[in-house]
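Notes follow the structure.
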Amino acid sequence: MQFTVAIDGPAAAGKGTISRAVAARFGFRHLDTGLLYRAVGAKGGDPVAAALGLTAEDLARADLRSMEAGQAASRVAVIPEVRAALVDFQRRFARSDGGAVLDGRDIGTVICPEAEVKLYITASAEVRAHRRWREVGGDAGQVLAALQERDARDMGRADAPLRVAADAVLIDTSALDVDAAVAEAIKVVAQRLG
Ligand code: DC
């Protein structure tokens, strides 16, 4: 069975948690596509060569979850050749047998426009920054500023900017706890599975 769940949205909206929960609930495979861009950014050197030569080892680096790695990912993600180098892998994953959940910024709009389910997970910048600040600590104002800078770059780039797909179901997690947000996403997928 081929069944793709495309989950997009800005940083710290809850995409990762929701994607893992949906994948676990339905027995689908999960790909965190942000990790691909993080690995390219962290590798250094020519980003296009890094994207073309990405290895499993690159994706297993322990430092990919940091705020710095997120900013570096967002910077290399504006380069069309970097994005192009990662398309086939993501599409193959999306159509692999047994169902797949992919989360990122352009899954429902560019990578899998034919996805059976598209979710757009969002929350206010303040709520997202507060969540991120609880994880990383430091200066709360700086965390908010870094998040807004990343939002602006991810939404403003020319190639595959972050957008709500016309047929996406929007889930705003600003006032939802994790369980409620996950339940909402699972309800949408279950309805589509029939
Ligand atoms: O989801 P994340 O925070 O790990 O993503 C890191 C950056 O990678 C994000 O700011 C923009 C880029 N990205 C992208 O351009 N397209 C994707 N499908 C996933 C991530």
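Read-outs throughout are calculated quantities, based only on the coordinates presented, and are distinct from any laboratory measurement. Given the structure is predicted, the values throughout are model-derived calculations rather than measurements. Glycine gets a Cβ as well: all are built from the backbone with ideal geometry, and neighbour counts include every protein chain shown.
Checking 60, 73, 39 one by one, the residue that is closer than 19 Å to residue 149 by Cβ and either among the acidic types (Asp, Glu) or without any contact (Cβ under 8 Å) to a residue 60 or more places away in the chain (or both) is 73 and no other.
Is one or more of the residues making up the range 136-147 polar (S, T, N, Q), at negative phi and under 16 Å from the mean Cα position of the chain (by Cα)? No.
Search the range 82-98 for residues that are more than 18 Å from residue 43 (Cα to Cα) and pair each with any residue that is assigned to a helix (DSSP H, G or I) when their beta-carbon atoms are under 7 Å apart and the residues are at least 6 apart or on different chains. Going by the 7 Å Cβ cut-off, the qualifying pairs are 87/111; 90/111; 91/111; 94/111. Please determine, by comparing only the residues of the range 79-88 that are within 15 Å of the chain's Cα centre (by Cα) and not basic (Lys, Arg), which one is surrounded by the most Cβ atoms within 10 Å (Cβ to Cβ). Applying the filter and picking the extreme gives 86.
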